[in-house]
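Reading through the structure tokens given below for one structure.
Each value in this text was obtained by applying a stated rule to the coordinates, not by laboratory testing. On a predicted model such as this, the values are computed, not experimentally measured, just so you know. Positions of Cβ are generated from backbone atoms using ideal geometry, with glycine treated the same way; all protein chains shown enter the neighbour counts.
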Amino acid sequence: MADRDTGLVDQWGRPIRRADLTQQIVTATVGGVRQTISEHPSVGLTPGRLARLLRDAEEDNPSGYLALAEEMEEKDLHYLSVLGTRKRQVSQLPIRIEAASDEKEDVINAEMAQEFVGRDVLQGEIKDILDAVGKGFSVNELIWDMSERDWRPVAMEWVDPRWIVFDTPDRRTPRLLGEHGQGEDLQPFKFVYHMSKCKSGLPIRGGLARAAAWTYLFKNFDMKGWVEFAEIYGQPLRVGKFGSNASEEDKRTLLRAVANIGRDAAAIIPDSMLLEFIEAKGGTKGAEVYERLAAFLDQQVSKAVLGQTATTDAIAGGHAVGKEHNDVRGDIERADANELEATIGRQIIRPLIDLNRGPQKRYPSIKIGNDEDVDVDVLSKALQRLVPMGLKVGQNQVRGMMGFKEPTAGDDLLTAPASATGYPGATAGDDPDDEVAPPRGRPARNVIARNAVEATAADLAERLTGLVDQAAGEPMDRMIEQLRREVEEADSLDSLAVSLLALYPEMDPSGVGAALERGLTAAYLAGAAEVPSEAGAGGEA
């Protein structure tokens, strides 16, 4: 049993079989149902045939549509370009792992996940996962290795989407096409199934290829007509004239001469016949029609794939328009990255940790993409004030926001400079027991500075809170006791309202007010002591 099972089960209770993890189980066959040879449905494609392909894809026969989606990337250079741009945009984004917490176990899990995302081949594997953008879904097979006693995914093999069928009842559950044409369950921890939600609905209808198929068809018709036009463009119209007594043989001779003279520039005809060349007038107008239609269709594809056209077509607007469109494109980038984070985290990172360390309560999270611009100065000041007040912030989160990595063993670590004083701008003599001279001209700062060596910012905030609580505690308790007594004696809400109104003039809040006033004054003095001396150089207190 140990050779077959890992002791783990997936979310549906299916055991994870060890033998399946270490070898590739999805391969092409020569005479079976999983073949690499395509049927090339784009040849002779018509509107009626395209409609049938799309309808068949919904009815559990997606092979033809998926083959067409593959051919569209090969035959339409614009579609290939924009779809490749979208895939590369996300696959080249920085990837980082955030531990679930700063606890040792969570940090170890994060380091294991970081080792996986740091592999050189991951960028290419992400492109294979993002094959779902065009086709609606993608399946990749994980190849695991445990030669070093730890489970590690060493390869991710792209699975031809034509080898995937969807469960009949819901058309959503992917299954592997078996040798007998029946769907087989995808082995847990073995396959990475990614779905791109370009639109809501069934996975087979969610890819961009379905929407772009119609523009591909119309552009194909347009390009064929344009090529035929270019073949005869600029050539004069050749007219052969024959007399009324010309025989059928003479007519055939004249027709061959008219047909071949454009290519051979030579012809022999009877003396009784005549060849004329008529120059075409305004022939460029036809070319503009073809070009405008092709450009229009390309722009529609750009909008669907990239969300904009400014970076693919030389349209009016210049840099400003391009920058604005890049913001729209950024929304698509973030959406693709979020979907990719969920897929990799759930189907790769979690199995990796479960196989090596067993099921965990918390798992590290994967973040793909560039963070929004973080003002380091503002962040530093916020942490400087909030952390002493008790705000708990994880170091990994702060490092991620500022772009810093976890230091490794042997790194020279930056530390705060040693200071003999507890307030800015003060200097001390060589003897650490020397009394520090406080800054002149600022009585408020001088009061705090004398005690700054003993009290840190956190200690000071805690002391102020305790002093205010102690000073206001007794008068506040008296007021609360008065209110509690009235509530207990009241027999209805109306009588309670009358009692509270009568009680209000008798309540004495002066004790609480005095305590708050002293606390605010002390807090103000403490804050003034932390202001750098340069800030008030223009006027002394």
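Brief remarks on what is shown
- A simple packing score, the average count of other Cβ atoms within 10 Å per residue, orders the peptides 116-123, 253-260, 486-493 as 253-260, 116-123, 486-493, with the highest score first.
- When you count the other C-beta atoms within 10 angstrom of each residue and take the mean per peptide, 331-340, 501-510, 179-188 line up highest first as 331-340, 179-188, 501-510.
- Charges were assigned to the Cβ only: +1 to each Lys and Arg, -1 to each Asp and Glu. The resulting dipole of the stretch 142-216 about its Cα centre is roughly 540 debye.
- Violating pairs (Cα-Cα greater than 29 angstrom) within the set LYS127/LYS224; LYS197/LYS219; LYS224/LYS251; LYS190/LYS392: LYS127/LYS224; LYS224/LYS251; LYS190/LYS392
- Two-site label geometry, ALA304 and ARG362: point separation in nm, points 7 Å out along Cα→Cβ: 4.4 nm
- Extension gain, ALA335 to LEU122: 0.36 nm times the residue separation minus the Cα-Cα distance gives 74.7 nm.
- Net length gained if the chain between ILE25 and ARG49 were fully extended (0.36 nm per residue, minus Cα distance): 5.2 nm
- Between ARG175 and GLU248, the simple spin-label model (points 7 angstrom out along Cα→Cβ) gives 6.5 nm.
- Cα gyration tensor shape of the stretch 32-130, rounded if a/c is under 1.5, else prolate or oblate by comparing a/b with b/c: prolate
- Cβ-based net charge around MET195, under 13 Å, with every Lys or Arg adding one and every Asp or Glu removing one: +4
- Cα-projected label distance for LEU496 with MET223, points at 7 Å along beta-carbon direction, nm: 7.9 nm
- Estimated at 0.36 nm per residue, the fully extended path between MET507 and ARG292 surpasses their Cα-Cα distance by 69.0 nm.
- Theoretical FRET efficiency, 1/(1+(r/R0)^6), r = Cβ-Cβ of SER101 and GLU148, R0 25 Å, to 0.05: 0.35
- Between ASP375 and THR465, the C-beta separation translates, for a Förster distance of 22 Å, into a calculated FRET efficiency of about 0.15.
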